[in-house]
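Any read-out appearing in this document is the output of simple, stated calculations on the displayed coordinates, not a laboratory observation. None of the values given here were measured: they were computed from a predicted structure. Reconstructed Cβ throughout: ideal geometry from the backbone, glycine too, with neighbour counts over all protein chains shown.
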Amino acid sequence: MKTSAARILTTHTGSLPRPPDLVELLNRKELGEDFDRGAFDARIGRAIVEIVRRQAETGLDVIDDGEHSKVNWMAYARARLSGLEEIDSPPRFRGATRDSLAFPQTYADMRVMLAARSGGLVAKRTVRPRAQVCAGPIAYVGEAELKADIANLKGALDGVAAEEAFMTAISPSNLELYYENRYYASDEEYLAALAEAMRVEYKAIVDAGLLLQIDDPRMATHYNRAVDASIADCRKFIALRVEAVNHALRGIPPERVRFHTCYSVNVAPRAHDFELRHFVDLMLRVNAGAYLIEAANPRHEHEWALWKEVKLPDDKILVPGVVSHCIHLVEHPELVAQRIARFAEVVGRERIIAGTDCGFGTSGAGDEVHPEVAWAKLAALVEGARLASRRLWGA
């Protein structure tokens, strides 16, 4: 994994806006509706070429496929693991959160507005009350899709100026959240099975010469969902999930792994986010070479100062979000540069890569950032990194 040896490198967290026709195709596949497989595969291939080139043209250094072959960052895994099914039952994970209890009318109004905006295939997927469960033994069966993803990204990188490329994959912890265990004797056994299965995907990505990014929002969001849990309860919960992801990563060089946690795409009142100081030590136990965190939105921008007290291991990289997915205003490059400089001052300029708080195009269901805004934010990220580089290196 490259460091910012001569200038501040730039990246993002994976998900980028998808064209409307691609969203429709992805939803048809996810909903089990008829679709032309040949046309689908061809459109995915073109979309990845287009998104790779646009990232490079924008000036981003460490890029990916925009998750353009996936309906969203987590649902894609259902087709890649045996034992996962949908049943007619309300999804378990959509219960009350600390924030929805604190702002009940706001969250109720937002649900109404989202339902009104959603339409077509996306609306059917969004409102359908179907739970996802584990009903049989977990095993990885997605080799063909994974092979296609890797081939599409590597092919799209030909002739493109980029420092490195990464591919995202869901964490065992988030699979455990979205797919309720109805087969294994204990949560620990289920978590171990998920970790062992996802290891296949993790290892294949790294073996292909790409950086692996593990997406684990649950590390940061469990506290908000577990409304009666104490901080100590949540730390115990997180510690077990860190063990699980490290089990999945065994033998994989940490310097080939990026670990991303965040507070999801919840663009809503958030007054009860789990503070970084309560879990940063646990996050740093993950066997990764880089850690991607939220650092730009108003709830977390102040947390840069925590790194004055917490020592980032000498062989690790920090990728703070310096533009946010939850604010429609486009950050000024000067503000981006200032945010980068704060982190560079406390952990060293070489060990900072400028990133984003979260994804910009997660599902096409009304919660993603508008493409015009997303690309303006990424351009501001690149320009801000250039400003910061000139000041930090004196060039």
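Descriptive notes on the structure:
- Burial order of peptide ranges 302-313, 196-207 (average beta-carbon count within 10 Å, highest first): 196-207, 302-313
- Between the stretch 246-280 and the stretch 162-238, the C-alpha centres lie 10 angstrom from each other.
- Taking every DSSP beta bridge that has both ends in the stretch 9-393, the antiparallel portion is near 20%.
- Computed log10 I(q)/I(0) for the stretch 251-334 at 0.18, 0.21, 0.22 Å⁻¹: -0.84, -1.07, -1.14, from the Debye equation with unit scatterers placed on every C-alpha and solvent omitted.
- Here each label is just a point 7 Å from Cα along the line to Cβ, and for VAL141 and ALA108 those points are 4.3 nm apart.
- Highest-fluctuation residue, MET283, MET167, MET113 considered, GNM on the chain with Cα pairs under 10 Å: MET113
- Percentage, to the nearest whole number, of Cα pairs in the chain over 26 Å apart: 51
- Fluctuation leader among PRO269, PRO333, PRO17 - the chain, Gaussian network, Cα springs under 10 angstrom: PRO269
- Top of GLY66, GLY136, GLY384 by mean-square fluctuation, Gaussian network on the chain, Cα under 10 Å: GLY136
- Prolate/oblate/rounded call for the stretch 139-221, Cα gyration tensor, a/c under 1.5 rounded: prolate
- Relative packing of 259-265, 44-50, which averages over residues the other C-beta atoms within 10 Å, highest first: 259-265, 44-50
- Residues of the stretch 206-236 falling in the label zone of GLU188, defined by backbone nitrogen less than 18 Å from a point 7 Å along Cα to beta-carbon, are 233-236.
- Simple label model, 7 Å out from Cα along Cβ direction - GLU334 to LEU31, nm: 4.8
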